[in-house]
Every structure is written in C-alpha cells, then in structure tokens.
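Quick notes on the structure that follows.
We did not get these values from a lab; they are worked out from the coordinates using the rules stated. Note that the coordinates shown come from a computational prediction; the quantities given were computed from them, not determined experimentally. Note that each Cβ is placed from the backbone with ideal geometry, even for glycine, and that neighbours are counted across all protein chains shown.
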Amino acid sequence: MNILQLRSGYIYKLGGNDLGAMSGLRAGFGLTLRRFQIDYALVPYGTLGLTNRFSLIASF
C-alpha cells in the first residue's frame, strides 16, 4: 500500500531561540512504499539557511 504523509509544525522554546524566530518552523513529507519509507523535511537553521533532511527506512 502506498501512503503519502504531509506534515508541518512549529517548535516554540520558552526563553527564545538563538537561531531566530523562523528556526522553529518545520515542513516535510513521508512516502511509504511496501517495506520502505522515505522522509523529507525542510528546516530553517539560522545562518545555515534552509537545511534539507532525508531518511530512508527499510522494514524486515
């Protein structure tokens, strides 16, 4: 079964965040294909700018 998952969110830290107000935003998606799952996230990370995170999960 193929399943597409969309996600977004905001991480709020009490006392502020050294990386800026926008660093709490998160957006991404996941795709499940039989025994495999692919995840992607776009995350702002201060002076590094937008970072891309990928993961691949295999179930046995």
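Fewest-first ordering of TYR12, TYR45 by other beta carbons within 10 Å of each residue's beta carbon gives TYR12, TYR45. For segment 30-60, trypsin sites (Lys or Arg not before Pro) are listed when DSSP marks them as loop and at most 15 other Cβ atoms sit within 10 Å of their Cβ; the list is ARG34, ARG35.
Fewest neighbouring Cβ atoms within 10 Å first, the residues SER59, SER8 line up as SER59, SER8. Here LEU50, LEU25 are placed in order of increasing Cβ neighbour count within 10 Å, fewest first, which gives LEU50, LEU25. Among residues other than SER8 with Cβ under 15 Å from its Cβ, the summed charge is +2 (Lys and Arg +1, Asp and Glu -1).
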